[in-house]
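All of the numbers you see were taken from the coordinates with simple rules; none came from a lab. Here the structure is a predicted model, which is why all the values come from computation and not from measurement. Glycine also receives a Cβ, built like all others from the backbone with ideal geometry; neighbour counts cover every protein chain displayed.
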Amino acid sequence: MTPTTGPGPLAADRRPRRVGLTHGLAQCLTLSWRGVVKIRRNPLVLADVLLGPVVLLVLFVYVFGGALEGSTREYLQFVLPGTLGLMTLFATMGVGVALNQDVGKGVFDRFRSLPTMRAAPLVGAIGSDLVRQVVAIGALLGFGTLLGFRFQTSVWSVVAACLLALGFAMALCWVWVLLGLVMKDAQSVQGLGAMIIFPLAFASNIFVRPETMPGWLRAFVEVNPIRHLMDAMRGLMLTGPVAEPVRNTLLWMVGFVVVFAPLALAAYRRRT
């Protein structure tokens with residue numbers, strides 16, 4: 001018999017599978033729904049985004065409000081958008097932790113054996129985190145309203161502020177996706193994540209006005225992406241400039257995706 005030339009069936013299986021845009025989008029949505037199902041089966045995973053905003057808002061308003069603004073009501077108006085930004089930072093870190101755990105359990109090895117778009121598992125992980133972000137925003141705004149927070153703009157401006165926060169969170173998630181893929185365990189992701197989050201959060205205008213800071217720290221605040229998000233949130237929810245802070249926030253969002261998404265995909269190929 002003449003030996004068969006060309007790649008055999010096993011080699012053919014190793015060829016990269018091409019997935020159309022429609023099928024790829026459907027796969028991303030399916031894997032996002034996988035994360036939602038996990039939340040439905042274990043609702044306690046939402047405890048941090050439900051109770052976290054309540055605890056932080058009460059502590060910051062009633063512990064620091066009188067000292068910083070002279071009035072807890074006035075400080076509530078200032079700090080609620082900031083607390084929303086802080087919750088965005090902490091909630092996105094959960095993507096990297098969950099991703100690292102899934103990779104360690106071999107879940108992504110199973111995904112790789114399926115005819116799925118290479119980026120679908122990563123996009124699905126970010127998509128499922130959107131549910132956590134929506135819950136966190138709803139809990140924070142609802143509780144803040146009960147405490148006395150009052151929006152000073154239109155309903156559409158408030159909706160735009162919430163959408164901007166969600167978009168920023170989804171863009172920032174690529175940073176945590178990368179960390180989740182390159183770190184060895186979930187504890188390392190949390191530890192390094194905290195080291196990144198705390199300087200970004202406290203060296204910003206989340207809790208205090210930058211004018212009260214020394215010059216060298218104020219210079220860092222000026223280039224801190226959280227500062228632009230906070231300016232945009234306060235402008236959309238309260239009053240103040242909107243166009244420039246929103247533009248700068250959108251530029252940072254594009255930068256996060258352009259820089260960290262390719263790095264995350266490269267790390268995913270090496271890890272799996």
>> Give me the dipole magnitude in Debye, nearest 20, for the range 44-271 about the Cα centre, with unit charges on the beta carbon: positive for Lys and Arg, negative for Asp and Glu.
In response: 600 debye
>> In whole Hz and in residue order, list the ³J(HN,Hα) couplings for the range 183-197 that follow from phi through the Karplus curve 6.51 cos²θ - 1.76 cosθ + 1.60, θ = phi - 60°; x for Gly and Pro.
In response: 7, 6, 8, 5, 4, 5, 4, 5, x, 5, x, 5, 5, 7, 5
>> Can you compute 3J(HN,Hα) from phi for each residue in the range 255-260, using the Karplus curve 6.51 cos²θ - 1.76 cosθ + 1.60 with θ = phi - 60°, rounded to whole Hz and x for Gly and Pro?
In response: x, 4, 5, 5, 7, 8
> Percent relative contact order of the range 44-271, based on C-alpha pairs within less than 8 angstrom and at least six residues apart?
Replying inline: 27 percent
> Which one of F151, A165, G65 is farthest out on the positive end of the charge dipole of the range 44-271, using unit charges on Cβ (Lys, Arg +1; Asp, Glu -1) and the Cα centre as origin?
Replying inline: A165
>> Need the full-extension length gain, V259 to E74, defined as separation in residues times 0.36 nm minus the C-alpha distance. One decimal, nm.
In response: 62.7 nm
> With charges set only on the Cβ (+1 for Lys and Arg, -1 for Asp and Glu), what does the dipole of the range 133-251 come to about its Cα centre, in debye to the nearest 20?
Replying inline: 100 debye
